[in-house]
Amino acid sequence: MTLPLFGQSSLGEAIAALRSDLIQPDGPRISTMRNYRFAILCYSPAEEFQLRGEIGRLGDELRDNGWFVLSINLQRLLLDRIRAQGDDFVERVIKMEKALRQNDPQRGLQFLKDRIGSLVEGPTGIAADCSKIICDFADQQPDKVDRTLALIGRAGALYPYYRSSALLKHLDGNTRQVPVVLLYPGERHGQTGLSFMGILNADSDYRPRIYS
């Protein structure tokens, strides 16, 4: 694992910077691109519980100031997709993983990546679930879009089945212009590189502004 090129500031400072850019008289300034209203808050996986507390307080403050905050839980969406496969799906997957792992642990892990990954990848995967939540709200209350923020969290539940750069790619153009902030457990490398969970090789395929 390589060390990040830029030292991370404290989580509190990153959230304060995000808050400052969100609460602007002329609307959120989380992106330098007019039609790309995405941002990433990068934090250490070890700070998961601290993050939840800080984000909870930020959400309360935004609501007190007339915002509508959509909290999207990726872990819940993943479990919903697994349950939708039927009662015996998990049992069959576990049985196959155990059989493969006996001869080669990596084969067992790869099987899980392939099987679970097939449930969440692509434009019809978990990105579509996030899009539906955001678009349904925007369609029902179009006058509130400019005062709505979508916070997508619990991304660690998708490791190692899914890369969050793919999530943002498939969400692009499918959020009714609602600002979206992805809460990203990992490490920042350079200006645009992120290492998911601080374990995967750094991915530089990130367009959004990164707060860290």
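The values are calculated or read from the model by the stated rules, or taken from the named source; none is laboratory data. This structure is a prediction, so every number in the text was calculated from the model and none was measured. Positions of Cβ are backbone-derived with ideal geometry, glycine not excepted, and every protein chain shown enters the neighbour counts.
A residue that is in a loop (DSSP other than H, G, I, E, B) and charged (D, E, K, R) occurs nowhere in segment 48-55.
Per the listing V120, V90, V69, the residue uniquely out of contact with any Asp or Glu (no Cβ under 8 Å at 6 or more places or on another chain) and farther than 24 Å from M197 by Cβ is V69. For Y159, the conditions (1) farther than 24 Å from P25 by Cα; (2) surrounded by fewer than 16 Cβ atoms within 10 Å (Cβ to Cβ) are fulfilled apart from (2).
I'm checking my understanding of the structure. Among residues of segment 177-197 that are of a type in the set (G, A, S) and crowded, with 17+ Cβ neighbours inside 10 Å, which one is modelled with the lowest pLDDT? If we take residues in segment 177-197 being of a type in the set (G, A, S) and crowded, with 17+ Cβ neighbours inside 10 Å, then G193 is modelled with the lowest pLDDT.
Could you tell me whether segment 101-124 includes any residue that is under 27 Å from L183 (Cβ atoms), basic (K, R) and at pLDDT 95 or above? No, there is no match, as no residue in segment 101-124 is under 27 Å from L183 (Cβ atoms), basic (K, R) and at pLDDT 95 or above.
Of all residues in segment 77-89, those satisfying the criterion of being surrounded by 13 or more Cβ atoms within 10 Å (Cβ to Cβ) and either within 13 Å of the chain's Cα centre (by Cα) or without any contact (Cβ under 8 Å) to a residue 24 or more places away in the chain (or both) are L77, L78, F89. Once segment 49-76 is narrowed to residues that are among the aromatic types (F, W, Y) and surrounded by 14 or more Cβ atoms within 10 Å (Cβ to Cβ), the residue that is farthest from L151 (Cα to Cα) is W67.
With respect to the conditions (1) modelled with pLDDT of 90 or more; (2) more than 27 Å from G53 (Cβ to Cβ); (3) surrounded by 19 or more Cβ atoms within 10 Å (Cβ to Cβ), N174 falls short on a single one, namely (3). Right, E97: among the acidic types (D, E) and in contact with a Phe, Trp or Tyr (Cβ under 8 Å, 6 or more places away or on another chain) or not? Considered against the rule, which asks whether it is among the acidic types (D, E) and in contact with a Phe, Trp or Tyr (Cβ under 8 Å, 6 or more places away or on another chain), E97 comes out as yes.
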